[in-house]
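The values are calculated or read from the model by the stated rules, or taken from the named source; none is laboratory data. Computed from a prediction, not measured in an experiment: that's the story for all the values here. No Cβ is skipped: glycine too gets one built from the backbone with ideal geometry, and neighbour counts run over all protein chains shown. Ligands, DNA and RNA are stripped out before the accessible areas are found, and what is left, the full protein with its side chains, is counted by its heavy atoms. Shrake-Rupley method; radii C 1.70, N 1.55, O 1.52, S 1.80 Å.
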Amino acid sequence: MINVIIAGAAGRMGQRIAHMVQAHPQLNYAGAFEAEGSPNIGKDAGQLVFGEANGVIIGEGLESVIDQGDVIIDFTFHAATMSFARIAAKHNRAMVIGTTGLTEENLAELAELAGNFPCVQAPNMSVCVNVLFKLVKKTAALLGDDYDIEIIEAHHNKKKDAPSGTALKLGEMAAEGVERKLSEVGVFERNGIIGERKPEEIGISTIRAADIVGEHTVYFAGPGERIELTHRAHSRDHFAKGAARAAAWVVGKENGMYNMFDVLGLQDL
């Protein structure tokens, strides 16, 4: 059995990850931690999540539980994630990172740190979303420059980053399909007299409202017709299930960076 440590174990996502870890035949929920000052520190994670004690006591910070697991699953906040990655590198513990909002500098540091541990990092760990990434790239390549590409993403009103990491990845995949770079053609805000849309633009629009788990639609709009590729998340469980699958996959791999295409065998599609 592979022993798993869950970051932010008392949070909404941490609790869903706990359920998926418990359901996975290769995984054992072995460690849990919260940020300093959390009222859940010292509580039994099983009692909190499952209503039945499992002996996993929520620690204060990763260092307090690092010896309890083989792999850390983290869906917290980008600044916290980087501190966890430094600790994982020091202790040679595998990581699965689903945190969004990581900057280019964060990702560069993470790639360097991953020389000391195997790490799966992806903006979205849903199986269907990762299939969508591939479909978007292929659709963009097939349709070419005659079709405008626009992306709309919607999430709950507690989400801190915008656009979502998934929307940005969709934009990157679409841009690759038409041999562009999202950093050069991405448009993330439209307001006032902005003039006509440039043909090479890839627009990303953001909605934040109520309890929307996550919705992403990519439009390929041409003269008189369009294709819409949409993913709608009905719950957080599919993200958590993908993370559990990644945790079972990454332990024992060579040090370095991996993504969900590696986990799911989609890299060459």
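Checking Ala30, Ala10 one by one, the residue that is farther than 25 Å from Ala111 by Cα, in contact with a Leu (Cβ under 7 Å, 6 or more places away or on another chain), at pLDDT 95 or above and open to solvent by less than 60 Å² (accessible area, probe 1.4 Å) is Ala10 and no other.
Can you go through Glu189, Glu176, Glu184 and tell me which one is in contact with a helix residue (DSSP H, G or I) (Cβ under 7 Å, 6 or more places away or on another chain), of a type in the set (Asp, Glu) and over 24 Å from Val21 (Cα atoms)? I'd like the intermediate steps shown before the answer.
Working: Glu189 fails: in contact with a helix residue (DSSP H, G or I) (Cβ under 7 Å, 6 or more places away or on another chain); Glu184 fails: in contact with a helix residue (DSSP H, G or I) (Cβ under 7 Å, 6 or more places away or on another chain).
One residue alone meets the criteria, Glu176.
Pairs are defined by a Cβ separation below 6 Å, a sequence spacing of at least 6 or placement on different chains, a first member in the range 106-125 that is within 18 Å of His91 (Cβ to Cβ) and touching a residue at least 12 places away in the same chain (Cβ under 8 Å), and a second member that is open to solvent by 60 Å² or more (accessible area, probe 1.4 Å) and among the charged types (D, E, K, R); the pairs so defined are Pro118/Lys253. Taken over the range 190-229, the criterion of being of a type in the set (Val, Ile, Thr) and open to solvent by less than 50 Å² (accessible area, probe 1.4 Å) is satisfied by Ile202, Ile204, Ile212, Val213, Thr217, Val218.
The single condition among (1) free of Cβ contacts under 8 Å to residues at least 60 places away in the same chain; (2) touching an Asp or Glu at 6+ places or on another chain (Cβ under 8 Å) that Gly98 does not satisfy is (1).
One residue alone among Thr166, Thr100, Thr139 is closer than 25 Å to Thr230 by Cβ and modelled with pLDDT under 95, and that residue is Thr100.
Within the range 182-199, residues that are within 15 Å of Glu153 (Cβ to Cβ) and β-branched (Val, Ile, Thr) reach no partner that is open to solvent by 90 Å² or more (accessible area, probe 1.4 Å) and not in a loop (DSSP other than H, G, I, E, B) with beta carbons closer than 7 Å at six or more positions or on different chains. Might you check whether a residue that is within 23 Å of Arg86 (Cα to Cα) and of a type in the set (A, V, I, L, M) occurs anywhere in the range 176-183? Checked the range 176-183: no residue is within 23 Å of Arg86 (Cα to Cα) and of a type in the set (A, V, I, L, M).
Evaluated against (1) farther than 18 Å from Glu105 by Cα; (2) touching an Asp or Glu at 6+ places or on another chain (Cβ under 6 Å); (3) open to solvent by 10 Å² or more (accessible area, probe 1.4 Å), Arg93 falls short on exactly one condition, (2).
Taking residues in the range 231-252 that are in a loop (DSSP other than H, G, I, E, B), and partners anywhere that are of a type outside the set (Phe, Trp, Tyr) and open to solvent by 20 Å² or more (accessible area, probe 1.4 Å), the pairs with Cβ atoms closer than 7 Å and at least 6 places apart or on different chains are His234/Val213; Ser235/Val213; Arg236/Arg12; Arg236/Met13; Arg236/Arg16; Arg236/Val213; Val251/Ile2; Val251/Asp70.
Every residue in the range 68-82 that is open to solvent by 20 Å² or more (accessible area, probe 1.4 Å) and touching a residue at least 12 places away in the same chain (Cβ under 8 Å), please. Reasoning before the result, please.
Step one: list which residues in the range 68-82 are open to solvent by 20 Å² or more (accessible area, probe 1.4 Å), which gives 68, 70, 75-80.
Result: Gln68, Asp70, Phe75, Thr76, Phe77, His78, Ala80.
Would you check if Ala80 is touching a helix residue (DSSP H, G or I) at 6+ places or on another chain (Cβ under 6 Å), of a type outside the set (S, T, N, Q) and part of a helix (DSSP H, G or I)? Please lay out each step first, then the result.
On the way: touching a helix residue (DSSP H, G or I) at 6+ places or on another chain (Cβ under 6 Å): no; of a type outside the set (S, T, N, Q): yes; part of a helix (DSSP H, G or I): yes.
Here the answer is no, as Ala80 does not meet what is asked.
Taken together, the criteria place Gly98 among residues that are closer than 26 Å to Ser164 by Cβ, open to solvent by less than 50 Å² (accessible area, probe 1.4 Å), of a type outside the set (Ser, Thr, Tyr) and out of contact with any strand residue (DSSP E or B) (no Cβ under 6 Å at 6 or more places or on another chain). Could you tell me whether the range 230-247 includes any residue that is farther than 24 Å from His24 by Cβ, modelled with pLDDT of 95 or more and open to solvent by less than 90 Å² (accessible area, probe 1.4 Å)? Within the range 230-247, one or more residues are farther than 24 Å from His24 by Cβ, modelled with pLDDT of 95 or more and open to solvent by less than 90 Å² (accessible area, probe 1.4 Å).
Among the residues in the range 35-42, are any under 20 Å from Val96 (Cα atoms), without any contact (Cβ under 8 Å) to a residue 60 or more places away in the chain, in contact with a helix residue (DSSP H, G or I) (Cβ under 9 Å, 6 or more places away or on another chain) and assigned to a strand (DSSP E or B)? I'd like the intermediate steps shown before the answer.
Step one: filter the range 35-42 for residues under 20 Å from Val96 (Cα atoms), giving 35.
So of that shortlist, the ones also without any contact (Cβ under 8 Å) to a residue 60 or more places away in the chain come out as 35.
Next, from what is left, pick out any that are in contact with a helix residue (DSSP H, G or I) (Cβ under 9 Å, 6 or more places away or on another chain): 35.
Next, from what is left, pick out any that are assigned to a strand (DSSP E or B): none.
Taking every residue of the range 35-42 in turn, none turns out to be under 20 Å from Val96 (Cα atoms), without any contact (Cβ under 8 Å) to a residue 60 or more places away in the chain, in contact with a helix residue (DSSP H, G or I) (Cβ under 9 Å, 6 or more places away or on another chain) and assigned to a strand (DSSP E or B).
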